[in-house]
Structure formats: C-alpha cells, structure tokens
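Note sheet for the following structure.
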C-alpha cells in the first residue's frame, strides 16, 4: 500500500508540474492539492501516527495542503492565508525535528553557510513585500522568514541527510517565491519559474517525509 501511494503521489506531482508548465489552470487546481493529499495518505499508510515525530509531520503536511489551497487564489487575503498556513506547517516541522532529537553532528553546521547564502539572495523580499502592500504583508513575511530559517537549521541538526536535503530544497522553493513577489505580486510567476517552485516544493516535502518516517520507524 505504501509503495502504491508513493507512486501515485509522484505521478500526481508530475501531472501538476506539467499543468503548471503548460498553463493548464484547471488541471493545476486539482493536482496541486491532490499531490499533498496523496503524500499525507502515504505518510499515514507508513504509520506516521505511531510516533510523536510522525504526528508532527502529519500536522506540517496538512497545513502545507491548506497553504496550497489558499495560494490557488491571487488576492492579498489568500496570500496571507497561505503564509499563515505554511508558517504553522513549519512550526510543525520544528516540533517534529525536536521530537526526533538534535544530535547536531559536525557536518550539520554546514547549514550556516546555506542560511547565509539564502539571506543574501532574499535580502530584498521583506522590503518588496512592504512596497507591494505595506506592513500588513511585510510583517507576516518577516515572521515567516524567521520561522523557515529555524526549520532549516533544526532540520540539519537532526543529523538525517534526507531531512536536511528536503528542508534545503523547500527553502529554495520559498526563496524563488519571495524573489518573484516584487515582480509578479500575488499573481505569482509563470512558466519555468513556476515549475521550478513546484518541483522544489514537492521534492522538499517528500524528502522531509521520507527522512522523518525512516528516522522515527
């Protein structure tokens, strides 16, 4: 069952990437949430509910799904709802990683270099949000940025490669979104940029799930 659901998740994700790249909005609208729903079903079938870390993983994935649904719209309200959902999802990941334990192996401190690189690349994201819609949007984006940075650091401190890789890829996805904010506004980017966002997002979520389930099993 787990393998079947995992394959289904991959197929739906690929369908979503195709829909995004070919601008098939109707297909995108159902494949985007269905990908996360399938990943949640896979995690449940793999007994994610059997451990504290697994249960926090499910919380993170569910709020990722809610964020996906919110971001299917292009209004300020939908954007903020998406930010809120993903922020709670990242807090779920923080709790998940703490539940796994943080042995902090020597190689994990390479995350500092990654974090600095991300900070340099995305330094204009909060100012861009302020220019776009003022403090009402810039403040939540700033808080979200701090939370995802904490999630990234703790992912590496777990000492589990798939979790560290997944969190890093997830941050790449969010960084692309942030960099696109000033240019595209709440409509979001299209074409290859949008495909890159979705590919890195789905891979990041999947790698984290694989790592957590393996570590907690």
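Since every read-out is calculated from the coordinates, none of them should be taken as a lab result. Since we're looking at a predicted model, the values are computed, not measured. Quick reminder, even Gly has a Cβ in these numbers, built from the backbone with ideal geometry, and neighbours come from all protein chains shown.
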Segment residue 113-residue 37, extension gain: residue separation times 0.36 nm, minus the distance between their alpha carbons: 24.0 nm
Give the calculated FRET efficiency between residue 4 and residue 25 to the nearest 0.05, with a Förster radius of 22 Å applied to their Cβ-Cβ distance. 0.15
So the FRET efficiency between residue 52 and residue 142, C-beta based with R0 = 30 Å and rounded to 0.05, is 0.50
Calculated from DSSP H runs of 4 or more alone, at -39500 (n - 2.57) each and per residue, what is the 222 nm mean residue ellipticity of the chain, nearest 500? -28000 deg cm²/dmol
For region 69-188, averaging the sequence separation of alpha carbon pairs under 8 Å that lie six or more residues apart and dividing by its residue count, the contact order in percent is 36
Protection-proxy order for peptides 9-17, 31-39, each taking the mean of Cβ atoms within 10 Å per residue, highest first: 31-39, 9-17
Quick one: compute the contact order of the chain, relative version, from alpha carbon pairs under 8 angstrom and 6+ residues apart, as a percent. 23
